[in-house]
1. Looking at this structure, is ALA20 among the aliphatic types (A, V, I, L, M) and at pLDDT 85 or above?
2. Going by what's in this entry, would GLY16 be described as within 17 Å of ASN67 (Cα to Cα) and touching a residue at least 12 places away in the same chain (Cβ under 8 Å)?
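The values are calculated or read from the model by the stated rules, or taken from the named source; none is laboratory data. These numbers come from a predicted model, not from an experiment. Every residue, glycine as well, gets a Cβ built from its backbone with ideal geometry; the counts of neighbours run over all protein chains shown.
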Amino acid sequence: MKDIGQAAKSVRHTLGLTQAKLAELLGITTVYISNIENGQATPSHELIARYERLCGVNIYVMQWLYNAAKQDQYEPKLSADALSIIRNQNYKIKLNSNS
């Protein structure tokens, strides 16, 4: 599951979220976010679904893109344009929400 963690980290960076903000939005700890991103913890299917709704992306598509980039021997990073192409337009992230 390390690739899912790396893909999630790439999405988080592209969206400009800190681990602390993402943890707050998902209702989990920053340590758990870090462990997922570093491949030391496996997120539940329920957590993956919440992450996908929050960020508007399918994490398995992100994992596939991350793996494809790794095979091309370069550091996989998602541009904002690439992320916008695969975003699920049914959900919008609210970064400045006080709720």
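1. When the stated conditions are applied, ALA20 passes them.
2. no
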